[in-house]
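The values are calculated or read from the model by the stated rules, or taken from the named source; none is laboratory data. Treat the numbers as computed from the prediction; the structure is a model and nothing was measured. Here the Cβ positions follow ideal geometry from the backbone for every residue, glycine too, while neighbour counts run over all protein chains shown. Note: areas computed on protein heavy atoms with side chains; ligands, DNA, RNA excluded. Shrake-Rupley method; radii C 1.70, N 1.55, O 1.52, S 1.80 Å.
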Amino acid sequence: MSSNNGLKVFTTPFNNGNPVTVLVLGVCSALAVTVKLQPAIVMALSVTVVTGFSNLIISFMRNTIPNSIRIIVQLLVIAALVILVNEVLKAYVYDVSKQLSVYVGLIITNCILMGRLEAFALGNKPIPSFVDGIANGMGYGMILIIVAFIRELLGSGTLFGMQIIPESWYAANGGFYLNNGLIILPPMALIILGCIIWVHRSINKDLQDK
Amino acid sequence: MENFINIFVQSIFIDNMIFAYFLGMCSYLAVSKSVKTANGLGIAVTFVLFITVPVNYLLNEFVLSEGALAWASRSLGGIDLGFLSFIVFIAIIAWIVQVVEMVVEKFAPALYNQLGIFLPLIAVNCAIMGASLFMQQRVGDVYHNFSDILAFALGSGIGWWLAIVGIAAIREKMKYSNVPKPLQGLGISFMITGLMAIAFMSFMGIKLIN
């Protein structure tokens, strides 16, 4: 892919080539960190940084890596970047990094990274690879933010920790409203993602299974 | 012994890798079209987990965690190599997967033919890395000795195996049902996993000893 369709490289991950809903990459962390919006956004940013820079670095090295050891080289580059991200998170947003717990470390085995390195960075120039990495990270982040928005609003009645549903509506204060406790539990993340895929594929009929 | 069984049962049913933590979802969704292949991958994951988690535990205890190097010399007692754990764990996993592949090929060709294609995939399976990271997080707190770690490793593997065989069996039957077009394939698999996770939540609270 030459750089003149850079715009296409940038936009595909948001629709036809979305890493989560179409390519089924990186689902693990997409579901686990979406109870609240804030950790979801931090996670999205971390993944975007790691995809962007790992794509850039591997693309610079693409002609010098022997084919037989490329997986190990890729893993080491990714692991080094994730250690950096983890240290930055611990230093500046310690609470969120505690909430994300093992899922920061799991960015290493997030399939988006290996997938993009293998499919794009090994065969393209550094700048388009960087754009591709950033765009895929953002496409992944978009799904994270949609799921987290639904789960935090319906499950806790808040957004970014601020109360959205008026206090007087709650049954405890004589109102009619109750938070949906099920939404916070792990199974609903899967079902919400299933619904997002359903909506996406009804709009974009090309993606339906034959 | 009681503690061993308790942790074993808990890791299979309550802290199930797929239903509670969404680890290893990528290969779970990709390789669950038929029971036979799902079974092969399940065995391979259990096998690799059972080797990598104890090895990483020993590394964590004697090299990586704070003050762990004190056995070598007293002057090294103050060193904390915890930040290196991501890169060490992933390197150990990639290495062990390679060794396991070679050993199995040499001594059990029949098993190799069954697992062969799955073994390399496992190096980047989030469930393997995730189990090591959970082990690191819970050691000293929930798990106290080597047999607890073995129970956790074996239980997590079998829990994952159970989950992938379960979804594969359901997906085989589902070929005959009339699923809405946009929901076919990925969407319905997510929703069924969600429903299975709700069913598994009924195991919550099982405790063999107090």
Self-check item: Candidates B:ASP141, B:ASP148, filtered to the one that is surrounded by fewer than 20 Cβ atoms within 10 Å (Cβ to Cβ), acidic (Asp, Glu) and farther than 17 Å from B:PHE47 by Cβ
Solution: B:ASP141
Quiz item: With respect to B:PHE190, is the statement that it is within 24 Å of A:ASN110 (Cβ to Cβ), in a helix (DSSP H, G or I) and within 8 Å of chain A (Cβ to nearest Cβ) true?
Solution: yes
Exercise. Filter the helices (runs of 4 or more DSSP H) completely within the stretch A:31-134 down to those with at least 1 residues that are within 11 Å of chain B (Cβ to nearest Cβ).
Key: A:70-92, A:94-100, A:102-105, A:111-119
Quiz item: Checking B:GLN10 against (1) closer than 30 Å to A:THR34 by Cα; (2) open to solvent by less than 50 Å² (accessible area, probe 1.4 Å); (3) in a helix (DSSP H, G or I), which single condition isn't satisfied?
Solution: (2)
Quiz item: Got a number for residues in the stretch B:13-30 being aliphatic (A, V, I, L, M) and surrounded by fewer than 23 Cβ atoms within 10 Å (Cβ to Cβ)?
Solution: 4
Quiz item: From the list A:LEU190, A:LEU154, which one is over 28 Å from B:ALA127 (Cβ atoms), in a helix (DSSP H, G or I) and among the hydrophobic types (A, V, I, L, M, F, W, C)?
Solution: A:LEU154
Quiz prompt | Members of the stretch A:193-210 that are farther than 24 Å from B:ILE198 by Cβ, in a helix (DSSP H, G or I) and either open to solvent by less than 30 Å² (accessible area, probe 1.4 Å) or of a type outside the set (Lys, Arg) (or both) | solution = A:SER202, A:ILE203, A:ASP206, A:LEU207
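Does B:TYR28 meet the test of being part of a helix (DSSP H, G or I), within 30 Å of B:LYS207 (Cβ to Cβ) and within 14 Å of chain A (Cβ to nearest Cβ)?
Answer is yes for this residue.
Given the options B:ALA123, B:ALA127, B:ALA151, B:ALA199, name the one that is farther than 26 Å from A:LEU100 by Cβ and within 12 Å of another protein chain (Cβ to nearest Cβ).
Working: B:ALA123 fails: farther than 26 Å from A:LEU100 by Cβ; B:ALA127 fails: farther than 26 Å from A:LEU100 by Cβ; B:ALA151 fails: within 12 Å of another protein chain (Cβ to nearest Cβ).
Result: B:ALA199 is the single residue among B:ALA123, B:ALA127, B:ALA151, B:ALA199 that is farther than 26 Å from A:LEU100 by Cβ and within 12 Å of another protein chain (Cβ to nearest Cβ).
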Self-check item: B:ILE51 being within 26 Å of A:MET114 (Cβ to Cβ), within 14 Å of another protein chain (Cβ to nearest Cβ) and surrounded by 13 or more Cβ atoms within 10 Å (Cβ to Cβ)
Solution: no
Self-check item: Which numbered condition B:PHE89 misses (of (1) open to solvent by 20 Å² or more (accessible area, probe 1.4 Å); (2) among the aromatic types (Phe, Trp, Tyr); (3) closer than 16 Å to A:THR109 by Cβ)
Solution: (1)
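Rundown of residues vs (1) within 14 Å of chain B (Cβ to nearest Cβ); (2) without any contact (Cβ under 8 Å) to a residue 24 or more places away in the chain, yes/no style:
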{"site": "A:GLY161", "(1), (2)": "no, no"}
{"site": "A:ILE164", "(1), (2)": "no, yes"}
{"site": "A:GLY175", "(1), (2)": "no, yes"}
{"site": "A:CYS195", "(1), (2)": "yes, yes"}
